[in-house]
Every structure is written in structure tokens, then in C-alpha cells.
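Student: Quick one: the structure is below, and I'll ask about it shortly.
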Amino acid sequence: MALACQRNSYLRELKSKVKSCVPAEATLVTNGKKGKVKGYEVILEDTVLFPEGGGQPDDRGTINSIDVLRITRKGAEAVNFVTTEIPTDTEVDMKVDWTRRFDHMQQHTGQHLITAIAEQMYGCPTTSWCLGEKTSFIELDIPALTEEDVVKLEETVNEKILEQIPVTCHIFQEKDDPKLKEFRCRGLPEDHVGPVRVLDIEGIDGGTLCCGTHVSNLTHLQLIKLLFAEKGKKNKTNLHFVAGGRLRNYMSRSVQTERSLTGLLKGPLDQHFELADKAVKGFKTCQKNVTNLLKDLAMLEAQKYKSQTDPDPVFVLHRKEGDNDFMNIIVREISDKDVSCMLTVGDDKGAGLFLLSGKEDILKEVGPRMAEVMDGKGSMNRGNFQGKVNKLGQRHKAEKIFREILQRSAEQAVANES
């Protein structure tokens, strides 16, 4: 028997009974980080919650108001992962997250429609597809699609939506049914058990094997926008698209971005590219000028130090606007291993870079300690010790340690001579 969510994709609630509930552990993403979560795998007599399959992600919803965190397929069963035990034989009420479900229905049926029309128009079968969080794409077995091709395909797809064409899912109880050979399919999973579903878009797609949830009429797709085509793997083309509610969300984000750019660039939408291009070129020019000025400043700092009649043998300098080149130029211009340099650049209250120069044996000792004090790390590079730190505000403490080690080394050298 097909699952209730497959027999009627519009079903939002269902009563059922727990067949089994066993302790389990699942790897889930929480706040952008993967981690193992202990819970239970619950299998029901029937379910309104769709498990992942056919390129479609799994549903979200509740069982007796308990959040279902993941739904997978094992044979003909949907396995629900929850963190609260629901004993076997318990009568339960299920509710599906309808917003997520209907979105997946629109994108999935939209994929089948685009696939069928693209093959009819350009002779390119779909070899795979991806239902993403905000946009989706279809991998077409064709080297390229021109902008004109994409426009014509989009026009045809949306004309079909306006024709109110029915979408039907036929269910075959046996996977060996000879009629299944008539339909398009990339093959059933090796562990497939139970009935086989065939999606039929009347007069467009005569039948494609698919286990996912779908709309019952193309009008429920509302509208499809083909965003762009780009080169894919193995001489194929990825065609990106959004359908239905996603198109509204996409347009909302685009309008917000347009309004922000209009204010930032001081010009309307049709001038955004030219204004942005001008701004980027101006920024690059400014960056180049700043880089040249920093180089000149680095050389002046080095010359200023070398011009002193009795300079401090420890040269310490911090420059917020500096970079690695700035520090390396100073060391190169001083060019004296008897002079120990401690140079830092970056935000004095945050992260930054540091460079130590001088006698290599001393740098190997003091470098790691300096990095530790400023909460960072570094290594020897071309005779200098360089690194990144997170607490540049600790540079004065680091300088004190630097001077103490240099003083101790100098005193040891004098003692050895005597």
C-alpha cells in the first residue's frame, strides 16, 4: 500500500497507530552545526509525513504534538525520528508542515513539467535534479542552452500552466507489472518494496516513475521562472528555476535588494550595473593608491628609525591600516639582524597580524609565546616569525615578554664571553 501522503498529497492531518518505537541516534544539523542527537525511530501503520525520496526532501510535522526531526525510508516504511518516546500501539494524530509540503509539491511537479517540455523542445533528457532551500535546478543532457532557448522554454512551460492540465499519480501494486516498462524511469532503488507510483501530466508527460508528492493540476504551480542556465558537469547544463510561492519569495528578496542598491548607488535599477561597475573600479583605484601609500610609509618608517643616532635595538611599531607587505617592507629596509623588530597591524581591539624579525634562534623561542599571549598562531617564514592573532589589544603584554627574552639572551651572551 502506498503511504497516505502519496495517495493524497493534499492531506494535512491523519490519525494512525504506532507499529514500533525503538531507541536510536541521528546526525542532525542544529544552528548550522552537525551533531548526534539521541531519540527514537517511530514507524506508524500509515503516515501523512513524506520520507525523503525521488530527489525530494522529507517533510516536517508533528506526531501527538511531538516534533518530527527527520523522516527516512526503509523499504516500504517511513521512519520518523523524534526525541520523545511514543509507545507501540499508541493512537496518534499527525500534522504536516503544510507550507514546506506544498512548496515541495510545487517545485517537484514544476521539475517534471520543465523536464518534459525541455525534452520535447530540445531533445535533452533530465539526468538529475536538486530541490534546494531557495532555488532548484535541473541537470539537462545538453552542452548549452542559449538565453533565447531559456526564454522560449519558460514561455511554453507557463502556457501549459494556464491550460489547467490535470496531474495524476497512478499506483501499481507490483514493481514487476509489465505496464511499468512503458514509463520513463532512472530505475527503482535496490531496496524498493511495495507499490510503484507513476506521475502522469496529461498530454505532456505520459508517465514517469516517481515516489514524491505532487500538485493535482498545473494551475497549482501558479508560475515558473527559469532563472538561468549554466555549464554543469560532463558537458551538461544546469537550469535553475523557482515555482509558485518560491517565485514570490524570490521577487520579494529581489525588490528589497533593488531598493537597497538604488539608495546605495544613487540611481534606478536600469543603471545599477553601470553604477556598480563604476563604484568597483573606483574602489580598486583607491585600494591601489592606499597600497602605494603604505609602501611609501613603510619605507619612511624604516628610514626614520635608521636615521636615529642611538636607536633602540628593539623596533616596535603598530599600524592599524597596515598589512603583511607593510611589515615586510620595513624589515627589508632595516635589513639588520642585530635589530629586533616587533610589528603589528590591524584593529587594536580585535584581530590582526604580527611579524617578528631578528636572530632566528631567539625568534623560534619567543614567536610561539607572543602568538599565545595574543591568542593566535604563527610560524617561521623566510627568517621571520609571522602569524595571525585574535587579541591584538594584548600586544603591549607581548612586547614586554619580547623585550624580557631579548634582554635575557643579551645577558647570557655577555656571560658566555666572560
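Student: Please sort 74-81, 335-342, 308-315, 409-416 by packing, taking for each peptide the average over its residues of neighbouring beta carbons within 10 angstrom, highest first. Walk me through the numbers before you get to the answer.
Tutor: Details: 74-81: 18.8, 335-342: 16.2, 308-315: 11.6, 409-416: 10.0.
Going by the mean number of other Cβ atoms within 10 Å, highest first, we get 74-81, 335-342, 308-315, 409-416.
Student: I've got another one for you. So what J values fall out for the stretch 220-237 if you push phi through Karplus, 6.51 cos²θ - 1.76 cosθ + 1.60 with θ = phi - 60°, rounded to Hz, Gly and Pro as x?
Tutor: 6, 6, 6, 6, 10, 10, 7, 6, 5, 10, 9, 5, x, 7, 6, 6, 10, 10
Student: Taking 45 Å as R0, compute the FRET efficiency from the Cβ-Cβ separation of Glu321 and Ala24 and round it to 0.05. Mind dumping the intermediate values first?
Tutor: Working: r = 55 Å, r/R0 = 1.22.
FRET efficiency, Glu321 to Ala24: 0.25.
Student: Right, next: Just from its helices, what would the mean residue ellipticity at 222 nm be for the chain, if runs of 4 or more DSSP H residues each count -39500 (n - 2.57) and the sum is divided by every residue, rounded to the nearest 500 deg cm²/dmol? Display every interim value, and only then the final one.
Tutor: Working: 8 runs with 149 residues, N = 418.
Only helices count here, giving -12000 deg cm²/dmol.
Student: Using amide H atoms built in the peptide plane, which far-off residues or other-chain residues are under 5 Å from Val79 H to H?
Tutor: The list, which skips near neighbours in sequence, is Thr72, Arg73, Lys74.
Student: To the nearest 20 Debye, how big is the dipole of the stretch 1-98 about its Cα centre, given +1 on the beta carbon of each Lys and Arg and -1 on that of each Asp and Glu?
Tutor: Values: 14 positive and 15 negative charges, 68 e Å.
My answer is approximately 320 debye.
Student: Take the Cβ-Cβ distance between Leu293 and Thr219 as r, set R0 to 56 Å, and report the resulting FRET efficiency rounded to the nearest 0.05.
Tutor: Details: r = 63 Å, r/R0 = 1.12.
Efficiency for this residue pair is about 0.35.
Student: Can I ask one more? Less than 19 Å apart at the alpha-carbon level, and either on another chain or at least 8 residues along: which aspartates and glutamates does that give for Lys225?
Tutor: Leaving aside aspartates and glutamates fewer than 8 places away in the same chain, those within reach of Lys225 are Asp103, Glu119, Glu133, Glu139, Glu147, Glu148, Asp149, Glu154, Glu155, Glu159, Glu163, Glu258.
Student: If you don't mind, another one. Starting from the Cα of Arg408, step 7 Å along the direction of its Cβ; do the same at Lys278; then give the gap between the two resulting points in nm.
Tutor: Each label point lies 7 Å from its Cα, and together they span 6.1 nm.
Student: Distance from a point 7 Å along Cα→Cβ of Glu45 to each backbone N in the stretch 83-115: keep the residues under 16 Å and list them by number.
Tutor: 87-94
Student: Using 1/(1 + (r/R0)^6) with R0 = 60 angstrom and r between the beta carbons of Thr285 and Glu133, what's the FRET efficiency to the nearest 0.05? Could you put the intermediate results ahead of the total?
Tutor: Values: r = 38 Å, r/R0 = 0.63.
The value I calculate is 0.95.
Student: For the stretch 102-252, rounded, prolate or oblate, judged on the Cα gyration tensor with a ≥ b ≥ c (square roots of eigenvalues), a/c < 1.5 rounded, else prolate if a/b > b/c?
Tutor: Working: a/c = 1.70, a/b = 1.37, b/c = 1.24.
Since a/c reaches 1.5 and a/b is larger than b/c, the shape of the stretch 102-252 is classed as prolate.
Student: Taking 0.36 nm per residue of sequence separation and subtracting the Cα-Cα distance, how much length would be gained by fully extending the chain between Ser335 and Lys391, in nm to one decimal?
Tutor: Values: separation 56, 0.36 × 56 = 20.16 nm, distance 2.84 nm.
Full-extension gain reported as 17.3 nm.
Student: How long is the gain from Met121 to Leu69 if the chain were fully straight, where each residue apart is worth 0.36 nm and the alpha carbon distance is subtracted? All intermediate terms of the calculation are to be shown ahead of the outcome.
Tutor: Details: separation 52, 0.36 × 52 = 18.72 nm, distance 4.10 nm.
Full extension of this stretch gives 14.6 nm more.
Student: Another question about this same structure. Rounded, prolate or oblate: which one fits the stretch 301-417, using the alpha carbon gyration tensor with axes a ≥ b ≥ c (rounded when a/c is under 1.5, else prolate when a/b beats b/c, else oblate)?
Tutor: Numbers: a/c = 1.72, a/b = 1.22, b/c = 1.41.
Judged from the Cα gyration tensor, the stretch 301-417 comes out oblate (a/c at least 1.5, b/c at or above a/b).
Student: Once the mean 1/r over all distinct Cα pairs of the stretch 1-149 is inverted, what Kirkwood radius in angstroms do you read off? Could you put the intermediate results ahead of the total?
Tutor: On the way: mean 1/r = 0.0587 Å⁻¹.
With all distinct Cα pairs of the stretch 1-149 included, I get 17.0 Å.
Student: Tell me the label only: which of (1) 4, 15, 18, 14, 12, 14, 12, 7, 3, 0, 0; (2) 5, 22, 31, 24, 13, 5, 1, 0; (3) 5, 22, 33, 28, 12, 2, 0 is P(r) over Cα pairs in 10 Å bins from 0, in percent as calculated from this structure?
Tutor: (1)
Where a number appears in this text, it was derived from the coordinates with a stated rule and is not lab data. This one's a predicted model, so the numbers in the text were calculated from it and none came from an experiment. Every residue, glycine among them, receives a Cβ derived from its backbone with ideal geometry; neighbour counts consider all protein chains shown.
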